[in-house]
Amino acid sequence: MKLIFSLLAGFLFTASIGFAQSNSSSEYWPLDEFYQAFPQQVELSRNFEQLVQGESQPLTVEQDKEIRIFVVYPGHQVSDYWRRSIASFTARLDELNIHYQIYNHYTRPTVAVEQQQRLIEKAERYQPDYLIFTLDVSEHANLIAHVLEQKKMKLILQNITTPYKAWQANPPFMYVGFDHVEGTKLLHGYFTQHYPKAKYGLVYRSPGYVSEMRGDSFIRMQEAAGAQLVDSHYSDASKHGAAVATRDMLKKHPQVDFVYACSTDVAFGITAALVRDSQFEGHKIAVNGWGGGDKELDAILSGELDVTVMRMNDDNGVAMAEAIKLDLQGRAKLIPQVFSGDFKLVDKRIHPAKLEEYKKRAFRYSSASQ
């Protein structure tokens, strides 16, 4: 039997110094370098991928009690990634016949450090078996280091697939998500093909890890291909903040070929700014999505967005459930340190039948809950 509790925490964080700004990229491993450093992880990842894609096989041991899971997610945003993550996670746990209690705590994408601290303290009082958290800004890293040092909860880090080197001697239970750089490569390929030697703008989320992985890596790729970045702005990761940043940018640079968005909410902020400003009539500025949730896909079909990179979303929830099953069966050595799911590039020319095919795979568990 499961008990689900939700705590909605809606405090907006005014970012100061992001994780990416205070920690160099060399502080954590890109996936290819990680696999070179730890080649045994390649086979573990390959075998684990088969579990994620395969039919569920129920838990083979008796539980003496329900496991306790505590989740802190930045779910208050247009993107449905985080909500689908929980839906696919719990659906797979149910199929695996794992008995659990789960406490979900949704926040805004960037949250006051004090609020994050209170949630972690609440988790420590609750004494869960597993804590699911994320990493974006430097303050998250401090909280994570504290959790790892305490060794009271097994930590699953969502939305990061680049292991942090400083934690390698005492790593999280698992990193799980969709590699930001791999997704960015697909978008880079699209823009290079359709807008060679372009002039473009870029709108980040708030300063931090995700902005660096999706934004800074895109800039480097485009620069190597001969494109020109005319301006870039940070936002507060919200639709409104991105719209303000876009209007400021395009007042000075109205003739860009496209504006690159680092997240779903940012993408819709950019399109909102373009719709409101009559100066862009007759000059089509392309805009991408990032992640491929329902709202992005609808916007692709309607022509509001030009392209997105679509995560095979539910794989992340399934991966967490399968890792927990292996742990309960005493087979934790079979769990890879990182699970990174697949992407599909989706642009406005896609046939609706092909898009439905992608959605059937990506949302195979979570579609029933949306």
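The values are calculated or read from the model by the stated rules, or taken from the named source; none is laboratory data. Bear in mind that the values here come from a model prediction, so they are computed numbers and not experimental data. With ideal geometry, Cβ positions are generated from the backbone for all residues, glycine too; neighbour counts draw on all protein chains shown.
Looking at region 119-159, which of its residues are without any contact (Cβ under 8 Å) to a residue 60 or more places away in the chain, closer than 24 Å to Ser45 by Cα and of a type in the set (Val, Ile, Thr)?
Passing the criteria: only Ile144.
Taking the criterion of being surrounded by fewer than 20 Cβ atoms within 10 Å (Cβ to Cβ), of a type in the set (S, T, N, Q) and outside any strand (DSSP E or B), would at least one residue in region 311-323 satisfy it?
Taking every residue of region 311-323 in turn, none turns out to be surrounded by fewer than 20 Cβ atoms within 10 Å (Cβ to Cβ), of a type in the set (S, T, N, Q) and outside any strand (DSSP E or B).
Taking region 35-48 as the search range and keeping residues that are in contact (Cβ under 8 Å) with a residue 40 or more places away in the chain and either in a helix (DSSP H, G or I) or of a type outside the set (Phe, Trp, Tyr) (or both), which one is surrounded by the most Cβ atoms within 10 Å (Cβ to Cβ)? Walk me through how you get there before you give the answer.
Looking only at region 35-48, we keep the residues that are in contact (Cβ under 8 Å) with a residue 40 or more places away in the chain, and these are 38, 41, 44-45, 47-48.
Checking the rest, the ones that are also either in a helix (DSSP H, G or I) or of a type outside the set (Phe, Trp, Tyr) (or both) come to 41, 44-45, 47-48.
Values: Gln41: 18, Leu44: 17, Ser45: 17, Asn47: 11, Phe48: 21.
Among those that are in contact (Cβ under 8 Å) with a residue 40 or more places away in the chain and either in a helix (DSSP H, G or I) or of a type outside the set (Phe, Trp, Tyr) (or both), it is Phe48.
Taking only region 324-343 into account, find how many residues are crowded, with 18+ Cβ neighbours inside 10 Å, in a loop (DSSP other than H, G, I, E, B) and either within 14 Å of the chain's Cα centre (by Cα) or charged (D, E, K, R) (or both).
1
Only one residue in Lys333, Lys325 is within 30 Å of Tyr100 (Cβ to Cβ), among the charged types (D, E, K, R) and touching a Leu at 6+ places or on another chain (Cβ under 6 Å), so which one is that?
Lys325
Gln329: touching a residue at least 60 places away in the same chain (Cβ under 8 Å) and touching a Phe, Trp or Tyr at 6+ places or on another chain (Cβ under 7 Å), yes or no? Explain how you work it out, then say what you get.
Numbers: touching a residue at least 60 places away in the same chain (Cβ under 8 Å): yes; touching a Phe, Trp or Tyr at 6+ places or on another chain (Cβ under 7 Å): no.
Considered against the rule, which asks whether it is touching a residue at least 60 places away in the same chain (Cβ under 8 Å) and touching a Phe, Trp or Tyr at 6+ places or on another chain (Cβ under 7 Å), Gln329 comes out as no.
Yes or no, residue by residue, for (1) surrounded by fewer than 19 Cβ atoms within 10 Å (Cβ to Cβ); (2) part of a helix (DSSP H, G or I); (3) modelled with pLDDT of 95 or more:
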residue	(1), (2), (3)
Leu59	yes, no, yes
Phe89	no, yes, yes
Ile98	no, no, yes
Gln101	yes, no, yes
Arg108	no, no, no
Lys122	yes, yes, no
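Have a look at Asp216, Asp236, Asp231 and point out the one that is assigned to a strand (DSSP E or B) and among the charged types (D, E, K, R). Full working, then the answer.
Details: Asp216 fails: assigned to a strand (DSSP E or B); Asp236 fails: assigned to a strand (DSSP E or B).
Checking each option against the conditions leaves just Asp231.
One line per residue, one yes/no per condition, for (1) within 28 Å of Val52 (Cα to Cα); (2) touching a helix residue (DSSP H, G or I) at 6+ places or on another chain (Cβ under 9 Å); (3) surrounded by 23 or more Cβ atoms within 10 Å (Cβ to Cβ); (4) not β-branched (Val, Ile, Thr):
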residue: Val176; (1), (2), (3), (4): yes, yes, yes, no
residue: Tyr195; (1), (2), (3), (4): no, no, no, yes
residue: Tyr209; (1), (2), (3), (4): yes, yes, yes, yes
residue: Ala237; (1), (2), (3), (4): no, yes, yes, yes
residue: His240; (1), (2), (3), (4): no, yes, no, yes
residue: Pro254; (1), (2), (3), (4): no, yes, no, yes
residue: Ala273; (1), (2), (3), (4): no, yes, yes, yes
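In region 252-272, how many residues are in contact with an Asp or Glu (Cβ under 9 Å, 6 or more places away or on another chain) and in a helix (DSSP H, G or I)?
Count: 5.
So is Val72 in contact with a helix residue (DSSP H, G or I) (Cβ under 9 Å, 6 or more places away or on another chain) and either in a helix (DSSP H, G or I) or farther than 30 Å from Arg125 by Cα (or both) or not? If you could, list the steps in order and put the result at the bottom.
Details: in contact with a helix residue (DSSP H, G or I) (Cβ under 9 Å, 6 or more places away or on another chain): yes; either in a helix (DSSP H, G or I) or farther than 30 Å from Arg125 by Cα (or both): no.
Criteria not met by Val72.
Confirm whether Asp306 is at pLDDT 95 or above, farther than 25 Å from Ala87 by Cβ and not assigned by TED's automatic domain parsing to the domain that holds Met221. Before the answer, list the steps.
Working: at pLDDT 95 or above: yes; farther than 25 Å from Ala87 by Cβ: yes; not assigned by TED's automatic domain parsing to the domain that holds Met221: yes.
In short, yes.
For region 291-301, check the following and say yes or no: at least one residue is under 20 Å from the mean Cα position of the chain (by Cα), of a type outside the set (Lys, Arg) and assigned to a loop (DSSP other than H, G, I, E, B).
There is at least one residue in region 291-301 that is under 20 Å from the mean Cα position of the chain (by Cα), of a type outside the set (Lys, Arg) and assigned to a loop (DSSP other than H, G, I, E, B).
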